[in-house]
1. Take Leu24 and decide whether it is in a loop (DSSP other than H, G, I, E, B) and within 20 Å of the chain's Cα centre (by Cα).
2. Output the residues belonging to the range 143-159 that are small (Gly, Ala, Ser), open to solvent by less than 10 Å² (accessible area, probe 1.4 Å) and free of Cβ contacts under 8 Å to residues at least 40 places away in the same chain.
3. Would you confirm whether any residue within the range 121-141 is open to solvent by less than 30 Å² (accessible area, probe 1.4 Å), closer than 25 Å to Leu48 by Cα and under 21 Å from the mean Cα position of the chain (by Cα)?
4. Here is a check on your reading of the model: is Gly162 of a type outside the set (A, V, I, L, M) and at positive phi?
5. Any residue in the range 6-31 that is of a type in the set (D, E, K, R) sitting within a Cβ distance under 9 Å of a residue that is in a loop (DSSP other than H, G, I, E, B) and open to solvent by less than 50 Å² (accessible area, probe 1.4 Å)? List the pairs, counting only those 6 or more apart or interchain.
6. Out of Ser82, Ser89, I need the residue that is over 14 Å from the mean Cα position of the chain (by Cα) and either open to solvent by 30 Å² or more (accessible area, probe 1.4 Å) or farther than 27 Å from Ala34 by Cβ (or both). Which one?
7. Considering the range 39-49 alone, what residues qualify as being open to solvent by less than 40 Å² (accessible area, probe 1.4 Å), part of a loop (DSSP other than H, G, I, E, B) and out of contact with any Phe, Trp or Tyr (no Cβ under 8 Å at 6 or more places or on another chain)?
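The values are calculated or read from the model by the stated rules, or taken from the named source; none is laboratory data. Note that the structure is a prediction, hence the values are computed from the model and not measured. Every residue, glycine as well, gets a Cβ built from its backbone with ideal geometry; the counts of neighbours run over all protein chains shown. Heads up: the accessible areas ignore ligands, DNA and RNA and are worked out on the full protein's heavy atoms, side chains in. Shrake-Rupley method; radii C 1.70, N 1.55, O 1.52, S 1.80 Å.
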Amino acid sequence: SLESALLAKLRKGMLKPQCANQLLEWLIDRGVNAALEVPRRWISSAPLTQKRQRDRALFAARLLFKHGEGKDWKKIHALINSDPAFGNSLLEDVSYDSRHTVPPLLKTISEAEIATLWEWMLRQYPVAEDPPERHSSGGTVTTRWAVADMRDGLLAYLAEMGTPCSCQVLLGLI
């Protein structure tokens, strides 16, 4: 089938990055589950030094934020911790895609992992540096504003869960 042939080309790495990204997203949107293995292989736990490798990993991580599972978080989290600039780029992109919602991948990880991400985001994006217009009723949503919304949305998500574990995590964060 066409889907199998495209997946084979993606696995071999025979396509230009932009083409590969578009085809991969198309396959995943069509529900080709085997296509998720491609972005999983594009994420390395080692710091990314080459631009092409970094761009591919960013695209893969964004896809996994939308379509991934809890098992995908470990590699993404390791890369965010080892390369904060990568983490900033990723979360700035993801924050626009998931305005006022928690990205699907984060709904598959533990409360403690969400708290760890929140703490990382708080260090990278301190509340004191949030744009002042964020608390008004108007203005253009900037990248910094979107990231602050996502950061704060993680706390709201933990509160909405209302589980004993999420309450315990929130108490720890306080």
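1. Working: in a loop (DSSP other than H, G, I, E, B): no; within 20 Å of the chain's Cα centre (by Cα): yes.
Against the criterion (in a loop (DSSP other than H, G, I, E, B) and within 20 Å of the chain's Cα centre (by Cα)), Leu24 does not qualify.
2. Applying the first criterion (small (Gly, Ala, Ser)) to the range 143-159 yields 146, 148, 153, 156, 159.
Subsequent filtering for residues that are open to solvent by less than 10 Å² (accessible area, probe 1.4 Å) retains 146, 148.
Within the range 143-159, just Ala148 meets the criteria.
3. Looking only at the range 121-141, we keep the residues that are open to solvent by less than 30 Å² (accessible area, probe 1.4 Å), and these are 121, 125, 130-131.
Among the residues that remain, those that are also closer than 25 Å to Leu48 by Cα are: 121, 125.
Okay, now just the ones that are also under 21 Å from the mean Cα position of the chain (by Cα), so 121, 125.
Yes, there is a match, as at least one residue in the range 121-141 is open to solvent by less than 30 Å² (accessible area, probe 1.4 Å), closer than 25 Å to Leu48 by Cα and under 21 Å from the mean Cα position of the chain (by Cα).
4. Details: of a type outside the set (A, V, I, L, M): yes; at positive phi: yes.
In short, yes.
5. Once the first residue is of a type in the set (D, E, K, R) and sits in the range 6-31, its partners that are in a loop (DSSP other than H, G, I, E, B) and open to solvent by less than 50 Å² (accessible area, probe 1.4 Å) give Lys9/Leu15.
6. Only one candidate qualifies: Ser82.
7. Of all residues in the range 39-49, those open to solvent by less than 40 Å² (accessible area, probe 1.4 Å) come to 39-40, 42-44, 48.
Now restrict to residues that are part of a loop (DSSP other than H, G, I, E, B): 43-44, 48.
Of everything in the range 39-49, those that are open to solvent by less than 40 Å² (accessible area, probe 1.4 Å), part of a loop (DSSP other than H, G, I, E, B) and out of contact with any Phe, Trp or Tyr (no Cβ under 8 Å at 6 or more places or on another chain) turn out to be Ile43, Ser44.
Yes/no per residue for (1) of a type outside the set (D, E, K, R); (2) open to solvent by 10 Å² or more (accessible area, probe 1.4 Å):
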position: Glu37; (1), (2): no, yes
position: Lys51; (1), (2): no, yes
position: Asp55; (1), (2): no, yes
position: Leu64; (1), (2): yes, no
position: His67; (1), (2): yes, yes
position: Lys71; (1), (2): no, yes
position: Ala78; (1), (2): yes, yes
position: His100; (1), (2): yes, yes
